[in-house]
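The values are calculated or read from the model by the stated rules, or taken from the named source; none is laboratory data. Computed from a prediction, not measured in an experiment: that's the story for all the values here. Cβ coordinates were reconstructed from backbone atoms using ideal geometry, including for glycine residues, and neighbour counts include every protein chain displayed.
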Amino acid sequence: MSLLKGYKMEYKLKDEYIELFKLLKVLDLVDSGAQAKYLVAEGYVNRNGEQEFRKRAKIVSGDIIEIADARIEVV
């Protein structure tokens, strides 16, 4: 995850929402859906400043996702 240091980006939703583990996979922040689910379940992902443990949390426009030093703004 050291490759993510200072990584910032925006993700434009194509639908009303995207599930958290799918977002991590789509952005190539993980190698697999299983890895994404593990990172979420273990508490490595923050959503709007708070730990998010729900792998299928519905991420909507305005959410900010942080994992390691990466920050993703969902628009």
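Search the range 27-44 for residues being farther than 15 Å from residue 57 by Cα and in contact with a strand residue (DSSP E or B) (Cβ under 8 Å, 6 or more places away or on another chain), and hand back the single one that is modelled with the lowest pLDDT.
29
For residues that are outside any strand (DSSP E or B) and touching a residue at least 60 places away in the same chain (Cβ under 8 Å), scanning just the range 57-73, find the one that is surrounded by the fewest Cβ atoms within 10 Å (Cβ to Cβ).
Filtering first and then ranking leaves 69.
Tell me, which residue of the range 2-23 that is of a type in the set (A, V, I, L, M, F, W, C) and modelled with pLDDT under 95 is farthest from residue 63 (Cα to Cα)?
3
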